[in-house]
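The values are calculated or read from the model by the stated rules, or taken from the named source; none is laboratory data. Note that this is a predicted model, so its numbers are computed, not measured. Don't worry about glycine lacking a Cβ; one is built from the backbone with ideal geometry, like all the others, and counts go over all protein chains shown. Quick note on the areas: whole protein, heavy atoms, side chains included, nothing else; ligands and nucleic acids left out. Shrake-Rupley method; radii C 1.70, N 1.55, O 1.52, S 1.80 Å.
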Amino acid sequence: MIKLLGKVPKNITVALSGGPDSMAALTFLKNSKRNVSAIYFNHGTTHADEAEDFVKNFCSIHKVPLTLGKIQSPRSSRESLEEYWRNQRYNFFNTYSSGRYETIIMGHHLNDAVEWWVFSSIHGEGKLIPYENTANNIIRPFLLTKKEDLLKWLSKNDVPYLIDPSNKSNVHMRNYIRNNIIPHIAHINPGLTKVIYKKYINLYG
């Protein structure tokens with residue numbers, strides 16, 4: 001079951017990647033009779049070009065207004081590739097939200113929150129993915145929903161999506177944690193997902 005955290009405004013823009021999380025977020029919120037538009041950021045990879053064509057076609061068919069963004073500056077020697085993509089993406093979001101009233105919706109879900117808590121714990125302090133980023137007018141209302149429930153929504157409603165092939169690579173630390181560490185943690189502490197869920201309820205519920 002999809003459960004939303006906090007209140008989602010009437011006029012919203014969904015950050016769309018073409019992947020299952022954002023496609024579920026877009027279609028679920030569009031079905032809720034909200035005024036929904038979308039933004040897509042191209043990271044300059046082969047998959048990103050494929051995903052851009054996919055979201056353009058989907059938004060055109062379903063009459064969802066779409067704004068496109070792309071890499072604007074070269075990577076600094078101090079940035080990892082993940083940091084570079086993230087910084088460029090959020091710069092685009094900030095530019096988009098400046099002067100607008102639409103809240104940007106991100107498709108982060110409960111499994112993402114568990115992965116981030118594990119990742120940040122390894123680096124010294126367990127942290128939650130924040131529900132909102134006021135600087136960029138962003139909220140993450142799906143943090144109480146498991147990935148499997150988003151996938152069920154997509155299947156039930158016959159919504160297409162793409163899988164980024166880089167998700168299988170363990171080069172990026174978040175992928176390594178998702179693919180290799182989380183299964184072991186789930187075996188040791190199968191209740192961790194409920195713990196993170198309760199943390200969000202206590203903070204924002």
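For THR193 and SER32, what is the calculated FRET efficiency with R₀ set at 25 Å and r taken between the beta-carbons, to the nearest 0.05?
Taking R0 as 25 Å, the efficiency between THR193 and SER32 is 0.50.
Under the rule of at least 5 residues apart or a separate chain, name every residue whose amide H is placed under 5 Å from the amide H of GLY69.
Under 5 Å from the amide H of GLY69: TYR40, PHE41, ASN42.
Could you state the accessible area per residue of the chain in Å², with a 1.4 Å probe and every protein chain left in place? Display every interim value, and only then the final one.
Working: 11640 Å² over 205 residues.
Result: 57 Å² per residue.
Which residue fluctuates most in the GNM of the chain (Cα springs below 10 Å): PRO190, PRO141, PRO160?
Highest fluctuation among the options: PRO190.
Looking only at the chain, where both bridge partners belong to it, what percent of the DSSP beta bridges are antiparallel (to the nearest 5)? Numbers along the way, then the final one.
Details: 2 of 17 bridges.
Taking every DSSP beta bridge with both residues in the chain, the antiparallel ones total about 10 percent.
Students often forget the sequence filter, so: which lysines lie under 16 Å Cα-Cα from LYS33 once same-chain residues fewer than 8 apart are removed?
LYS7, LYS10, LYS63
Whose amide H sits under 5 Å from the amide H of VAL14, counting only residues 5 or more places off or on another chain, with H placed in the peptide plane?
Long-range HN contacts for VAL14: SER37, ALA38, ILE39, ILE105.
TYR176 to ASN94: FRET efficiency via 1/(1 + (r/R0)^6), r the Cβ-Cβ distance, R0 25 Å, to the nearest 0.05?
After rounding to 0.05, the efficiency reads 0.30.
Apply the Karplus parameterisation 6.51 cos²θ - 1.76 cosθ + 1.60, with θ equal to phi minus 60°, to every residue of segment 26-32 and state each ³J(HN,Hα) to the nearest whole Hz, in sequence, with x for glycine and proline.
Along segment 26-32, the couplings run 4, 6, 5, 6, 5, 5, 8 Hz.
Mind checking the full-extension length gain between ILE122 and THR46? Use 0.36 nm per residue of separation minus the Cα-Cα distance, one decimal, nm.
Here the answer is 24.2 nm.
When all protein chains stay in place, what accessible area (Å², nearest 10, 1.4 Å probe) is found for ASP21?
Looks like 30 Å² after rounding.
In whole Hz, what ³J(HN,Hα) sequence does segment 44-55 give by Karplus (6.51, -1.76, 1.60; θ = phi - 60°), x for Gly and Pro?
Residue by residue, segment 44-55 yields x, 9, 4, 5, 4, 5, 5, 5, 4, 4, 5, 6 Hz.
Could you name the aspartates and glutamates whose alpha carbon sits less than 20 Å from that of LYS147, not counting residues in the same chain fewer than 8 places away?
Cα-Cα hits under 20 Å: ASP21, ASP112, GLU115, GLU132, ASP158, ASP164.
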